[in-house]
Amino acid sequence: MSDVDGASSVASASASASASAVSSASSVDSASAVASSGAVASSGAVSSRSAVRSASAASDVWRFAARRAVELAVTLLAASFLIFSAVYLAPGRPETFLLGGRSATPQALAAIRAHYHLNDPFPVQYWRWLTQMAHGDFGTSIQYRAPVLHLLTARLPGTLMLIGMAAVLVAVLGIGAGWLSARRPGGVVDQVLLVLTSVAVGTPSFVAAIALIWVFSVRLGWFPSIGSGSGFFDMAYHLTLPALALSLYWVGTLARVTRAAMLAELSKEHVAVARSRGIPERIVLRRHVFRNAAGGIATMSGLTITGLVVSTVLVESAFGLGGIGAFLDSSVSVKDFPVVQAISLLIVTVFVAVNLVVDLTYPLLDPRVRLGARNSA
Amino acid sequence: MSTLTLVRRRPGFRALRVSRPWLFYICAGFAAMIVVVALLAPWLAPADPNASDLSAALTGPSAAHLLGADGSGRDTLSRLILGSRTALLGPAAVVVFSTTLGVAVGVAAGWRGGWLDSVLSRSSELMLAFPGLLLAILFVSLYGTGLVAPIAALSLAYTPYVSRLARGLTLAERQRPYLAAYRVQGFSNWTICVRHLIPNIGPVILAQSTVNFGYALIDLAALSYLGLGVPPLTPDWGAMVNDGQSAMLQGQPLSAIVPCLAIVVTVVAFNVVGEHWADRVANREDARS
C-alpha cells in the first residue's frame, strides 16, 4: 500500500502544483480585471480557472486509472504464479496428480509427461500456461476430458444470474434497511432492523440455505429445493431462494454500513442548515445525507461482489445448482486441478477487477476525495 | 490514530455491544459453556456419536434420542456435543497461527521499514486477493481433505488482517518516548520488540483475533459442509448440516437445523464477546493516547 500512497501523493502534489500555477496566473488576470472593470470580469476568471482545474483532474483520473490497472495486473500475475506453482508444491509428482490418484503404466505416465510438457523447465511451463490462459485456453478437464473453457461457459449463465439477483437483493434490501434505520435512529423500526441484521450477519450462507429450504420448500412448498430450471423466468423462480441465501449476510452487512454512514452524515452541520431552511426531511436524507454517504457504501459494495462470488460455492452446492461454484466443489473432490486453477484465477480476477472499479468510482461519488485515498471501511 | 477504527469488525455487532451489557454477559456465559462442553464432550455425550441405530433413523425426539437421529440413525445430541470439539479447535488453531504470523510480519515491517516493509506489505496485499474460503479450497485440492490443509490455508488468509493491524500499531507505537528510551539505553531491537512493544500492542491484536475466531468458525464449518473439511467419521457441525439436509428433505429437519443453530449461536456469542473486548481495549487505548 505504501507504494500506492506514495505514487498517488506524488500525482496529487503535481496536480496541486499545476493548479496553483493556474490560480496564480488567473489571480494576476483577475487583479487586472478588477482594476479595469469589476466583479463580472473577475467571476469569469474564476469560472475559467475551475475549467482548467477540472481538465487537469480528468487527466489525473486517467493517469491514476492506468497506474492502478498496472498494479492490479501485477497482483494478478503474482496470483497466477502462485496458482500455477501450487501443483509443484503439492506432495507427489505432478503427473500422478494429473492422473487424479489412479495408477498408470510407465508408458502412460511418459505419455502424460509429454502431453503436459512436464519435462520442460518450470519457467517455460509457467509461460506456456500463462499465454494459453491469456488466449482463452484454460486447459483440459481431467474429469470430463473436455476443454475447461467450454465447461465453464456452459455453467456461467446460471452463476451470473444468481450473483446478479443476489447483488440486486443486497443493494435494494441492504441500502433500504439502512435508510429506514437512519430515518429514526433508536426508533422501533431501527431496533427491529438491528436485531434482524445482527442475525443475518451471524448466519453463514449454507445455514441460510438450509433454513430457507426447510421453510419455503419443504413446509410451504412455494419454491423448488433443487435444480436451476430453464428459460429466464423459470430460472429466476428457481434461483429466488439461492439468491436470498447468498445475499442474507451481505444484506445485513450493507444495512449496518449504510446506517452508520448515514448517521455519521446526519450529525454534520450542513444537515442542520438544510433542515433549518425548511427542506423536507426526505429530501434532506436523499440529497444531503445519502449522497455524501455513498462513497463508503460503494466501497462496501465492492467487497460484497467478491464475497458473493466466493459464497456461490456453498449456495450452489446446497441447492444442487450446476454453476461455477458447485463445479469448483466437485472438481476439488476429484482433484480435477486444471478446473480448480481456472476457477481460482477467475475469482481472483473478479476480485481485482471489482477493486479497480471501486477505486475509480470512489472519486466520482465524492469529488473531495483524493484519488487512491479510499478509506477502508 | 484511533485504534477503534483499526480493528476490522463485523458492522452488525457494533450497535449491539454498546448499549446492552447484559447481552455481553449472556454471550460470554454461552461461550464459556461451549468451551466446557467441548472439554467434557466424551463424558457428556449420551451415546456413541457414530453408532447407527437404524430403527431410530429419521425419527423425531424420543427418550433414547433427545434431539432425534439423522438419516443413518446416529444420535444428533451426541454428535452435536462431540462436534463442538472440532468447531472450537479448528478456529482456535487458525487464530493462534494467524496471530503469531501476523504479529511477526507486522512488527517486522513496521519496525524495520524500508525494503522489508514494502516486500511484506506487498505480499500481504497479494494474500488479500485470495478470499479465505477460496484459499482453503485450493489447499484442500492440493493436500487432500482433513483439518490440516484448511487450517493452514485460513491461517495464511487471516494473517494479512492481523499484520496490517500490527504494522499500523507498531508505526504509531515506535514514536512514543518509552521505546526511544530503551533504544538510547542500548537494548537490542529484538528485546525492545518482544519484551516491550508486543506486550503493549497485544490487547488490540487479541481483540482482532477474537473477532477473527467467528469468521474462521464459519469458514471451517462451510468447508466441512462441502465435505472438504473434517474426515468423514468425525462429528462436526458443518458435516452434520450436510448429512441432515437429505433427512430434512424427507421431512425430518432436526438433524440439520440443530447444528445450524449451534453454528449461528456460537458465532454470535464469540463475536459479541470479541466486539465488547475490542471496545474496552480500544477505549483504554484512546484514553491513554
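Inclusion of A:Val352 among residues that are more than 19 Å from the chain's Cα centre (by Cα), among the aliphatic types (A, V, I, L, M) and at pLDDT below 85 is not warranted. Would you point out the residue of the stretch A:195-212, among those that are free of Cβ contacts under 8 Å to residues at least 40 places away in the same chain and at the interface with another protein chain (Cβ under 7 Å from one of its Cβ atoms), that is surrounded by the most Cβ atoms within 10 Å (Cβ to Cβ)? For the stretch A:195-212, the residue satisfying everything is A:Val207. Inclusion of B:Asp117 among residues that are over 18 Å from B:Cys193 (Cβ atoms) and either more than 14 Å from every other protein chain (Cβ to nearest Cβ) or surrounded by fewer than 20 Cβ atoms within 10 Å (Cβ to Cβ) (or both) is not warranted. None of B:Asp286, B:Asp243 is among the charged types (D, E, K, R) and modelled with pLDDT of 80 or more except B:Asp243. So which residues in the stretch B:224-264 are among the aliphatic types (A, V, I, L, M) and more than 8 Å from chain A (Cβ to nearest Cβ), if there are any at all? The answer is B:Val230, B:Leu233, B:Ala239, B:Met240, B:Ala247, B:Leu254, B:Val258, B:Leu261, B:Ala262. Within the stretch B:127-143, identify whether any single residue is modelled with pLDDT of 85 or more and away from every other protein chain (no Cβ under 11 Å), and answer yes or no. The answer is no; no qualifying residue exists.
None of A:Leu194, A:Leu152 is over 18 Å from the mean Cα position of the chain (by Cα) and more than 19 Å from A:Leu308 (Cβ to Cβ) except A:Leu194. Residues that are touching a residue at least 40 places away in the same chain (Cβ under 8 Å) number at least 3 in the following helices (runs of 4 or more DSSP H) confined to the stretch B:90-189: B:114-128, B:132-143, B:148-173. Residues that are at pLDDT 80 or above and touching a helix residue (DSSP H, G or I) at 6+ places or on another chain (Cβ under 7 Å): does the stretch A:97-111 have at least one? The answer is no; no qualifying residue exists. Of all the numbered requirements in (1) of a type in the set (A, V, I, L, M); (2) under 20 Å from B:Leu226 (Cβ atoms); (3) away from chain B (no Cβ under 12 Å), A:Ile226 misses one, and that requirement is (3).
Checked against (1) surrounded by fewer than 18 Cβ atoms within 10 Å (Cβ to Cβ); (2) over 19 Å from A:Pro363 (Cβ atoms), A:Thr306 meets all criteria but (1).
B:Asn271 passes every criterion in (1) without any contact (Cβ under 8 Å) to a residue 40 or more places away in the chain; (2) surrounded by 24 or more Cβ atoms within 10 Å (Cβ to Cβ) apart from (1).
Of all the helices (runs of 4 or more DSSP H) wholly in the stretch B:8-47, which have at least 1 residues that are surrounded by fewer than 17 Cβ atoms within 10 Å (Cβ to Cβ), at the interface with another protein chain (Cβ under 10 Å from one of its Cβ atoms) and modelled with pLDDT under 60?
B:14-19
Exactly one residue out of B:Ile218, B:Ile192 is at pLDDT 85 or above, over 24 Å from the mean Cα position of the chain (by Cα) and either on the phi > 0 side of the Ramachandran plot or not aromatic (Phe, Trp, Tyr) (or both), and it is B:Ile192.
Within the stretch A:67-79, residues that are within 12 Å of chain B (Cβ to nearest Cβ) and closer than 10 Å to A:Leu356 by Cα have Cβ atoms under 6 Å from residues that are in a helix (DSSP H, G or I) and among the aliphatic types (A, V, I, L, M) in these pairs: A:Leu72/A:Val352; A:Leu72/A:Leu356, counting only partners at least 6 apart in sequence or on another chain.
The values are calculated or read from the model by the stated rules, or taken from the named source; none is laboratory data. For clarity, every value in this text was computed on a predicted model and none was experimentally measured. Cβ atoms come from the backbone with ideal geometry, glycine included; neighbour counts cover every protein chain shown.
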